[in-house]
Amino acid sequence: MGGTVVGAVETPAGSGEPSIRVQLLGPLTIERQGRALRLPASRKVRALFAYLAMAPRAVTRSQLCELLWDVPNDPRGELRWCLSKLRGLIDEPDRKRIVSQEDSVQLDLTDCGVDAIEIAGAIEHGIEALTPEKLRTLSARFNGEFLEGLELDASARFQAWLDGQRRRFRDCRVTVLSYLAQQVDAAEALGYLEQWRELAPFDGRVHTLLLTRLARDGRVREAEEHLEIASRAFEAEGLDTAPLWDAWRAIRARSSSIASAAPASDRPQIISDGSVPAPNAGRRASIAVMPFADPSTPQSERGGIADGLACDVITGLAQLRSLFVIARGTVFALHERRIGPEEAGRMLNVDYVVSGSVRRQGERLRVNVELSETATARVVWADTLDHKLDDAFLVLAAIGNRIVASIASEIEASERNRAVLRPPSLLNAWEAHHRGLWHMYRFNQDDNARAAHFFQRAIELDPTFSRAYAGLSFTHFQNAFQGWTEREPEIDRAYEAAGQSIMIDDRDPTARWAMGRALWLRGHHEQSVIELERAVELSPNFALGHYTLAFVHSQAGDAKAAITSADQSRQLSPFDPLLFAMFGARAIALVRLGRFEEAAGWAAKAAALPNAHPHILGIATYCLALAGSLEEARTYAAALRKKRPNYGIEDFLAAFRFDPHGAALFREGAKRI
């Protein structure tokens, strides 16, 4: 639906004016060839049209019946009647837009222009890249609330969907206005800022920008009056006014016309839009986890499965110690005031917001969860988790762990990608650390050296950043494990950096993970396992901790435990940069158990991943040979020799720490080829 939105905000895919234009932002209107169509009087017909227009895929008839009818006598009959009305409205003799397939219904609008779809697509594809002209076009699309005036009080599920869409597009409008206000001249910007302020009166960014614009124009008295009014409004809502006053002091300090009025102590560092960064800005990404919606529970009744899950996610993210997590009491208080997730994110000035819903259907629990970026309203990650409710506590724990691990992984990937685009000289400690991670996960000698450089830079900028030391330890681990430099000095450096990480924060699971790897390098198997188990005790959602336990156990410990840990790490982080290593550890454990064919399958999966290093190709080569697949084994051996011409079984065994039984098995695999 809608085609390529970013490249053509004005029209859908293809050329020329769309045959039908649909306005969902404001009162519902449908135009054909510029002429407004007369809509059916039935509110449910219009609601059905809007829901199908926004649905990303076909919807089952039973879902539509549940959505629009409470307990009608004949819901499917009423649905057929509504669909017939829609066919008469938008179908043409040679163009059927209501598509029915078996028990599902879909609305085909590929040749139509839908304002809400165009806006959502533009934001999803990257609003930062849009020109002021395209932003103006998007802004003009907002003609009011989503489906303004269309409520179905008797249809609770539709009303819940409608409320969610209204919050979503209100937030989209704020995002468009915020980018637009910073790209146009002062006179035009003030108009957009006022619209933004009306939509989000407790968003600190809009007040900072308004104060900045007024001060630049010499309208200091107006700025101070605005600050007083805004402060009283914030105080009435129980919100902290200190950031507003800090921002105003910074703005005064910048203004040459009144610089003398600002004492030196009132001149904090400011960023390009005039706002004041929080202490240690950029040190950690910040996140708010809003209470999950539960349609079966009234908002006045708290404490059910949805609230329990949200609390588990908050706790799990806090245990990772890599993010600044807003406390439970704050987010629940905002939720009780019916403040939506994105608006709460702006009020709390966090980078990311988690929201979702929980629905119990018979013996199954379905959880929808979404991670969005506050500044751009872009959905970073979304998933639906469906579990059988055998044991509610175990199911909630499993779902919560998966959500926490996925959020941590997606935020890390997002922060890595953002850091790569920043000039190296402008990176703060947090960004330098994530730039290091980007290079670290490429698993080659040059990138590993670059990763070490950026971790060192992060440490110089913030000597108390435990994760930067853990990252540095991992680069020394790689130098030793891959044989890129002399092994013993690198082992000592890996151990020293891991020790620094623990000294800074002994409850950081990443610090314990780094120490566990360093101890394994030193040949201290039992101490290594103790540290790694401590890492997953500190954070049961820490996928790398589970993987490294699998790695260590696979070679000389409990092979069955290694398989369990490898599976746990994959379940927690199914798209992890170290996924190839998770597969490889599982393959090694299976070899030690004599299950060669299974081992060969997992080893081949590991070797197929793009960032697999030579030792992974070695695992695949020897596992396939043990399984009797000699031709395939020779293919991997050739690929391995292309990367490392002199690589042999002694290099392989020197990198790992196998028990005698495991070493003998892999030697046998090498002999066969």
Give the long-range amide H neighbours of VAL114: residues separated by 5 or more places, or on another chain, with amide H under 5 Å away, using H modelled in the peptide plane at 1.01 Å from N. VAL22
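Relative contact order for the chain using alpha-carbon pairs under 8 Å, separation at least 6, rounded to a whole percent?
Working: 1065 pairs, mean separation 46.8, N = 673.
This gives 7 percent for the chain.
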To the nearest 0.05, what FRET efficiency results for SER19 and VAL99 with a Förster distance of 25 Å applied to their C-beta separation? 0.90
What share of the DSSP beta bridges in the chain is antiparallel, in percent to the nearest 5? 75 percent
Taking the Cα atoms of the stretch 504-645, report the difference between the largest and smallest coordinate on each principal axis, in whole Å and largest first. 49, 29, 28
Quick check: the angle from helix 305-320's long axis to the longest principal axis of the chain, C-alpha only, nearest 10 degrees? 50 degrees
Binned Cα-Cα distance frequencies in the stretch 357-460 - 10 Å width, integer %: 14, 32, 23, 19, 11, 1
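Add -39500 (n - 2.57) for each DSSP H run of 4 or more in the chain, then divide by its residues: what number comes out at 222 nm, to the nearest 500 deg cm²/dmol?
On the way: 28 runs with 393 residues, N = 673.
Only helices count here, giving -19000 deg cm²/dmol.
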For the chain, longest principal axis from Cα atoms; helix 242-254 axis from its Cα atoms; angle between them, nearest 10 degrees, is 90 degrees
Quick one: how many lysine pairs does the chain have with C-alpha atoms less than 28 Å apart and a gap of 8 or more or different chains? Give me the count, please. 11
Could you work out how much longer the chain between ALA41 and SER84 gets when fully extended? Use 0.36 nm per residue separation minus the Cα distance between them, nm to one decimal. 14.1 nm
Rounding to the nearest 10 and keeping the result within 0 to 90°, find how far the Cα-based axis of helix 156-181 lies from the longest principal axis of the chain. 90 degrees
Report the label-to-label distance for GLU597 and ALA655 in nanometres (one decimal), using points 7 Å from each Cα along the Cα→Cβ vector. 2.8 nm
Please list log₁₀ I(q)/I(0) at q = 0.15, 0.17, 0.20 Å⁻¹ for the stretch 120-245, using the Debye equation with identical point scatterers on the alpha-carbon positions. -0.81, -0.96, -1.13
Largest-first principal axis extents of the Cα set of the chain (Å): 80, 75, 52
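Take SER104, SER322, SER155 and order them by how many other Cβ atoms sit within 10 Å, fewest up front. Kindly include the intermediate steps, with their values, before the conclusion.
Values: SER104 15, SER322 23, SER155 19.
Taking fewest neighbouring Cβ atoms as first place, the list is SER104, SER155, SER322.
Any idea what diffusion coefficient the stretch 20-164 gets from Stokes-Einstein, in µm²/s, Kirkwood Rh on alpha carbon pairs, 37 °C, 0.692 mPa s?
The diffusion coefficient I find is 202 µm²/s.
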Distance between modelled label sites at ILE229 and ALA140, nm, 7 Å Cα→Cβ extension: 2.9 nm
For the stretch 285-419, what is the per residue volume of the convex hull drawn over the alpha-carbon atoms, in cubic angstrom? 97 Å³
Give me the log10 of I(q) over I(0) for the stretch 173-259 at q = 0.16, 0.26 Å⁻¹, as the Debye formula computes it from C-alpha points; what are the numbers? -0.60, -1.37
On the Cα set of the stretch 573-637, report Rg and Dmax in Å, please. 10.7, 33
Given the peptides 437-447, 397-407, 183-193, 536-546, arrange them by the average over their residues of other C-beta atoms within 10 Å, most packed first. 536-546, 397-407, 437-447, 183-193
Per residue convex hull volume, Cα only, the stretch 417-527, in Å³ is 92 Å³
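Calculate the FRET efficiency for GLN445 and GLU668 from the Cβ-Cβ distance with a Förster distance of 45 Å, rounded to the nearest 0.05. If you can, show how the numbers build up before the last one.
Numbers: r = 31 Å, r/R0 = 0.68.
Efficiency at R0 = 45 Å is approximately 0.90.
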Among SER62, GLN33, VAL45, pick out the residue whose Cα is farthest towards the positive end of the charge dipole of the stretch 20-164, where Lys and Arg carry +1 and Asp and Glu carry -1 on C-beta, about the Cα centre. GLN33
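For a Förster distance of 35 Å, can you work out the FRET efficiency between the beta-carbons of VAL420 and THR485, rounded to the nearest 0.05? Working shown, then result.
Numbers: r = 25 Å, r/R0 = 0.72.
Taking R0 as 35 Å, the efficiency between VAL420 and THR485 is 0.90.
Where a number appears in this text, it was derived from the coordinates with a stated rule and is not lab data. All values reported here derive from a predicted model rather than from experimental measurement. Methodologically, a virtual Cβ is constructed for each residue, glycine included, from the backbone with ideal geometry; neighbour enumeration extends over all protein chains shown.
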